[in-house]
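To keep things clear, I will list the structure first and then write my remarks on it.
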Amino acid sequence: MKLPSTLTMIRELIAIPSISCNNPQQDQSNQAIIELLATWCNDLGFNCEIVPILNYPGKFNLFATLGEGNNGLVLAGHTDTVPYDSWQFDPFKLTERDNRLYGLGTSDMKAFFALALTAIEQSLTNNSSLKHPITILATANEETNMAGAKALTNKPKASYALIGEPTGLKPIRMHKGIMMEAIKLHGKSGHSSNPNLGNNALEGMYQVIGELLRWRNQLQNEYNNSAFQIPVPTMNLGHIHGGDSPNRICADCELHIDLRPLPGMELTELRSTLRNHVRKILHNSNLSIEFNQLFSGIPAMETPADADIVKVAERLTKHPAESVAYGTEAPYLQALGMQTIILGPGDIEQAHQPDEFIAIDRLQPMIDILKQLIIHYTQ
């Protein structure tokens, strides 16, 4: 059965709301979009499995595989979008204007699925032409907690994976990791006229900040990777709140930080070291300390420069593989044993922006790249 046109598929994908958000009032199921993708994959002869994600009602992953054997290719992406505001266009209606397609998820990254399915349809005449299988992997909750990617426990019959996140048609083989932590200090309030009446949590946090900045300098002296635009790990002190009045001793203070490590730096070790630094600097303070994972994190990833999929992607795109500072689902696919590259037609500058769009002249080049990639790894 023939698929709808590429633009029709993009239009239908954009029309289905599938927002993931930490606010339950805005969070939505991705079931409808998963079922639509499964319908199209079934039309191409794929064997489809829709997998509910444990502890996340209404959230699903799709595994759709065509062909038998091993060492195949996975084309992967997430089906969710971020929330939206301040749009000029209807975010759920594909609008063509000035050689652009506007809509929520055009760039990040629903359109990729339509391009991948078009490329598959044009590349494959029948299952017998496949020496290795091809898999469409569609996940949930990438924009919030990576629940879909973290639920991937069974390896597809594949050795190679491409994630169609927006990269401007340039291959990405490395990205930094990310973790977010809240540090809460609890002291004792009292009248500001006598410091002995209380224990100032804000002053304790001043010591913590100094210690964290010293540790940041240490990390940046120890770790450096010139392949990144910012070649060192970064730590951002993004939020602080403490106290309620200038004439009261501050009883409670809270700091939120964002840490972005380079490949080779483990999140679990970094979180443990961070907490040890805080405990050490406050060991004589009599302040109680509370830690909270605001975001458990995404590991950094690196696919070796000499990996086959990197070399193939560089040849097809005529661009050297690069690095980015944002996180993706790539480390979770790597953990399943697949060489992984990130390569998509959108632009990261459009991701999470009002009036998100994808340039129309990016569509056919991406289809052509995918067709050649499919032929290389499956035929």
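Taken together, the values in this text are just the output of simple stated rules run on the coordinates, not laboratory data. No experiment lies behind these values; they were computed from the predicted model shown. With ideal geometry, Cβ positions are generated from the backbone for all residues, glycine too; neighbour counts draw on all protein chains shown.
List, in the order given, every pair from K131/K155; K155/K371; K170/K371 whose Cα-Cα distance in the structure shown is over 20 Å. Among K131/K155; K155/K371; K170/K371, the Cα-Cα distance tops 20 Å for K155/K371. Pair-distance distribution P(r) for the chain, from all Cα-Cα distances in 10 Å bins starting at 0: 5, 22, 28, 22, 13, 7, 3, 1, 0 percent. Relative contact order, whole percent, for the chain stands at 24, derived from Cα pairs under 8 Å and 6 or more residues apart. Cβ crowding within 10 Å ranks D355, D43, D361 as D361, D43, D355, fewest other Cβ atoms first. Relative to the current alpha-carbon distance between N71 and H241, full extension at 0.36 nm per residue lengthens the span by 56.0 nm. Take every Cα pair under 8 Å whose residues are at least 6 apart in sequence, average their separation, divide by the length of region 178-298, and the relative contact order is 44 percent.
Taking 0.36 nm per residue of separation and subtracting the Cα-Cα distance, full extension of the segment from N196 to F295 would add 32.0 nm. Between region 316-345 and region 1-37, the alpha-carbon centres lie 23 Å apart. Annotation note: trypsin sites (Lys or Arg not before Pro) in region 25-97 located in DSSP loop regions with a Cβ neighbour count of at most 16 within 10 Å are K93.
Please compute, over every Cα-Cα pair in region 296-354, the percentage with a separation greater than 19 angstrom.
On the way: 625 of 1711 pairs.
That tail contains 37 percent of the Cα-Cα pairs.
Counting Lys and Arg as +1 and Asp and Glu as -1 over every other residue whose Cβ lies under 14 Å from the Cβ of T6, the net charge comes to 0.
What stretch of the chain, leaving out the sites themselves, is the longest with no GluC sites (Glu not before Pro) in a DSSP loop having at most 16 other Cβ atoms within 10 Å?
On the way: sites that count: E68, E266.
Counting at most 16 other Cβ atoms within 10 Å as exposed, the longest clean stretch of the chain is 69-265.
Legend: calculated FRET efficiency, Q122 to E349, from the Cβ-Cβ distance at R0 = 35 Å, rounded to 0.05, equals 0.75. Summarising the label geometry, the points placed 7 Å from Cα in the beta-carbon direction at Q88 and E12 lie 3.0 nm from one another. Using all pairs of distinct alpha-carbon atoms, the Kirkwood hydrodynamic radius of region 71-224 works out to 20.9 angstrom. Between the residues H352, I281, I298, the greatest Cα displacement towards the positive end of the dipole of region 267-352, with unit charges on the Cβ of Lys, Arg, Asp and Glu, is found for I281.
Assuming R0 = 30 Å, can you tell me the calculated FRET efficiency for the pair Q372 and S5, based on Cβ-Cβ distance, to the nearest 0.05? Spell out each step's value before the answer.
Numbers: r = 21 Å, r/R0 = 0.71.
After rounding to 0.05, the efficiency reads 0.90.
Modelled label positions at N217 and E96, each set 7 Å beyond Cα in the direction of Cβ, lie 5.8 nm from each other. Applying 1/(1 + (r/R0)^6) with r as the Cβ-Cβ distance of H186 and A335 and R0 = 41 angstrom yields a FRET efficiency of 0.65.
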